[in-house]
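Step one of this worksheet: look at the structure below.
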Amino acid sequence: MMITRKSMSRRTVLRGVGVSLALPLLDSMIPALTAVVKTAANPLRRLGVVYVPNGMAMEQWTPHVEGAQFELPPILQPLAPFRDQLLVLSGLHGHWDATHAGGSTSFLTGAAGQTGEIDIRIDEGMSMDQIVAKEFGRHTQLSSLELALDSRGNAGQCSGGYSCVYTNTISWSSSTTPLPGESNPRAVFERLFGDTASTDARQRGAAIKKGRSLLDSVVEKVAGLQRQVGPADRTKIDEYLESIRDVERRFQKAEEQSTKELPVMDQPAGTPTTLGEHARLMFDMQLLAYQADLTRVSTLMVGREQTGRAYGEIGVPEAHHPISHHGYDPQKIATMAKINVYHTQLFAEYLAKLRATSDGDGSLLDHMVLMYGSGISDSHSHKHDNLPILLVGGGAGSLAGGRHLKYADGTPAANLLVTVMDKLGVPADRIGDATGGLPLDPLPGV
């Protein structure tokens with residue numbers, strides 16, 4: 001790493017018409033050897049949560065062997081390249097046994113909600129991601145980023161007499177404030193890179209209509225910056241900007257297509273017509289947000305609970321929710337597993353990009369804790385025990401992967417939330433129904 005006496009501010013941004021563009025961590029932002037040592041020893045820690053709806057085909061999710069010698073079952077096979085940073089957890093129990101509403105609501109809160117459409121509240125305060133975001137957000141432009149692949153079209157009751165609010169979100173900033181995810185890629189992009197303080201919104205809108213990239217307005221400043229930094233930093237900047245351009249091209253293409261053909265579902269303009277395209281776009285924007293340190297906390301709901309999305313792109317024309325109630329028919333379970341595998345394949349693609357993105361003395365994946373799973377296990381009977389949950393990432397040296405850990409039946413899943421917060425350096429005595437933390441370190445002889 002190049003060491004210089006003069007350094008660039010870690011918060012350096014390039015401003016243009018309607019754009020405030022943060023930069024990734026560059027070598028020239030580290031002024032001296034002492035700072036390099038500090039960065040290597042204390043890298044930025046990040047949290048990512050990916051929630052999948054409607055439970056799991058548990059027969060094809062759960063490894064048969066505990067410890068390091070487990071074999072990856074079919075649904076987890078796409079994660080094989082990341083086995084060394086993978087922890088599969090079994091035996092954890094969700095707190096709120098309220099069909100679909102209980103799955104999503106208690107996933108990050110360990111709490112229960114209220115029945116009916118009007119009294120929207122949970123019996124605890126913040127969700128785990130928001131507790132972490134409150135701490136990490138002191139250093140970033142956005143405290144957290146909540147994303148979704150389903151639009152928030154539902155109102156009224158969605159699940160067992162409970163409000164649709166509970167099935168639409170996993171994040172809560174208070175006991176009465178749910179944070180539903182944003183599903184429109186353009187809205188997410190402009191939240192990350194649009195300058196909300198700008199008074200020149202008309203000029204920005206005109207540029208978009210002409211097909212200009214939002215990056216065009218900062219191109220001269222980028223050229224000037226390139227002359228100030230070394231070859232390694234120039235390469236990082238080029239790769240970062242090309243990634244932003246690629247994301248922008250993709251949602252602009254989606255917007256063009258939305259005017260030419262009917263989308264598969266009734267979704268906002270600018271949303272890709274298949275879940276795969278949509279997920280890749282949202283994952284890429286999460287990666288950009290982490291890379292530029294715009295936020296260190298992000299959540300993504302692959303689908304809201306009870307989603308009826310069909311998966312024509314993988315040969316599953318049936319709606320997801322009805323398929324999840326398979327009645328233990330082997331053929332229907334196989335179809336459900338096909339959807340589950342597709343989700344982990346998309347997640348694995350994201351992990352590959354995180355691992356390929358340098359961050360200090362490692363990669364983004366090395367310095368992250370990613371929690372993946374569902375608040376329902378057996379999808380047919382809405383079971384909330386033995387939840388399908390895994391952790392991926394190095395946790396900045398705090399996580400040792402490559403194992404399947406099984407806990408005593410009935411162990412509160414909220415115990416995992418306590419442990420994740422501790423690994424991220426945001427310790428908490430409890431959250432929801434937690435009774436303590438979970439041991440994630442290797443067990444003797446396992």
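Rule-based calculations on the coordinates, nothing more; no lab input. What you see is a predicted model, and the numbers here were worked out from it, not measured in a lab. When we count neighbours, we look across all protein chains shown, and the Cβ atoms used for this are built from the backbone with ideal geometry, even at glycine.
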Residue 422-residue 246 FRET efficiency (beta carbon distance; Förster radius 45 Å; 0.05 resolution): 0.80
Between the modelled labels at residue 216 and residue 174 (7 Å from Cα along Cα→Cβ) the distance in nm is 4.4
Can you put 329, 233 in order, fewest other beta carbons within 10 Å first? 329, 233
In straight Cα distance, which aspartates and glutamates are under 20 Å from residue 236, not counting same-chain residues fewer than 8 positions off? 27, 216, 220, 246, 248, 284, 293, 359, 361, 366
For the pairs 332/383; 134/406; 134/423; 332/406, note any where the Cα-Cα span goes beyond 21 Å. 134/406; 332/406
Pop a pseudo-label 7 angstrom from the Cα along the beta-carbon direction at both residue 361 and residue 429 and give the gap in nm to one decimal. 3.5
Whether segment 35-194 is rounded, prolate or oblate, judged on the alpha carbon gyration tensor where a/c under 1.5 counts as rounded: oblate
Would you order 167, 115 from fewest to most other beta-carbon atoms within 10 Å of each residue's own beta-carbon? 115, 167
Kindly state, to the nearest 0.05, the FRET efficiency for residue 334 paired with residue 138, given R0 = 51 Å and r defined as their beta-carbon distance. 0.60
Fewest to most Cβ atoms within 10 Å: 433, 216 sort as 216, 433
From the mean inverse distance of alpha carbon pairs (Kirkwood) and the Cα radius of gyration, derive Rg over Rh for segment 136-190. 1.03
